[in-house]
Amino acid sequence: MQFQAEGHHVDLQAALKHLLASGGKRIRPTVTLLVGRMLGAPQEKLITLAAAIELLHTATLVHDDLIDGALLRRGIPTLNSQWSPGATVLTGDFLFARAAKLAADTESIPVMSLFSNTLSVIVNGEISQLFSSRCQADREGYYQRIYAKTASLFETSATCAALISPVSADTIQTIRSYGFNIGMAFQIMDDVLDFISDPSKLGKPVGSDLRQGLITLPTLYYIEEHQEDELVQQILEGNCPHYEEDIKRLVERIRNSHAIEQSILEAERYGQEAFHCLQKLPHCPERTHLEELTLYITRREV
């Protein structure tokens, strides 16, 4: 990532160095590399594509942290906690531009088209969340939101690798479905971990989504089974709890309910769909690694 800023302003280089040091699991480019190697994609184009995917993901995180006013990510200060909003936005813009350049370097029109469309989906999802998703106990809206926020990029990470590989349209569709399902599972588990993780490992307080007025799957399950709860009634009236004591009470009630287990089971159902997709593909070490990655996504603790 830091290499992408060589020859540019020294502060931009420092910003990218900071982002690189913040770590991350690099799951999306890993999906790209494993799918591409499984399907016989050209090695050089595949590596370029994986780098494009990771830069696009990082750019969205930079803008997300600014929009949310987040001061920490993975326990490390965010870029916006140290830079001005303008400088943070421009850094994200630079990363978007470099990601697009790398996508273009694959010399695949379908890849460039999907890459551009995915960015549009992500941005539209962020705008929808910013203006119309606060305190909405809407299951369909939730699925649309997590597709735009997370699953769309997982879907693209897998599909783009297939697009530069010598495979059939049916195989590309199978890979697309695999990426969609692991993306949905990943975000649902993220939403579960927002309630049950150790804050020191999570890098942010538990219940962060509720504090932002976002109703995620564990809360939706809790709402469906606890209509008599006064805090649930408040949400159904369109008023998310904003007092810290109320938020803590609701988080604790959700943690101690069946909502967590139900949400994990739903993530596992998406994981099982992803496994079903992989069974249609040739058995090879890369497929085994993708199966292991799918299990990791639905069983991770942080």
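The values are calculated or read from the model by the stated rules, or taken from the named source; none is laboratory data. Only a predicted model underlies this, so the values are computations on that prediction, with no experimental measurement involved. With ideal geometry, Cβ positions are generated from the backbone for all residues, glycine too; neighbour counts draw on all protein chains shown. For accessibility, only protein heavy atoms count, side chains too; no ligands or nucleic acids. Shrake-Rupley method; radii C 1.70, N 1.55, O 1.52, S 1.80 Å.
Here are some notes:
- Leu236 being open to solvent by 10 Å² or more (accessible area, probe 1.4 Å) and in contact (Cβ under 8 Å) with a residue 24 or more places away in the chain: yes
- Helices (runs of 4 or more DSSP H) fully within the range 228-302 counting 1 or more residues that are closer than 30 Å to Tyr178 by Cβ and of a type outside the set (Gly, Ala, Ser): 259-278, 285-299
- Filter result for the condition that a residue is over 18 Å from the mean Cα position of the chain (by Cα) and in a helix (DSSP H, G or I), over Thr174, Thr150, Thr156: Thr174
- Residue check for Leu56: assigned to a helix (DSSP H, G or I) and in contact with a Pro (Cβ under 7 Å, 6 or more places away or on another chain): no
- Restricting Ile146, Ile172 to residues that are among the β-branched types (Val, Ile, Thr) and touching a residue at least 24 places away in the same chain (Cβ under 8 Å) narrows the list to Ile146.
- Some residue of the range 78-100 being at pLDDT 80 or above and at positive phi: no
- Taking the range 101-123 as the range and being of a type in the set (Asp, Glu) and at negative phi as the test, only Asp105 passes.
- Any chance Ser113 is surrounded by fewer than 20 Cβ atoms within 10 Å (Cβ to Cβ), free of Cβ contacts under 8 Å to residues at least 60 places away in the same chain and either within 30 Å of Tyr222 (Cα to Cα) or under 20 Å from the mean Cα position of the chain (by Cα) (or both): no
- Scope the range 203-233; condition open to solvent by less than 50 Å² (accessible area, probe 1.4 Å) and polar (S, T, N, Q); matching residues: Ser208, Thr216, Thr219
- So Arg145, is it surrounded by 19 or more Cβ atoms within 10 Å (Cβ to Cβ) and over 27 Å from Pro199 (Cα atoms): no
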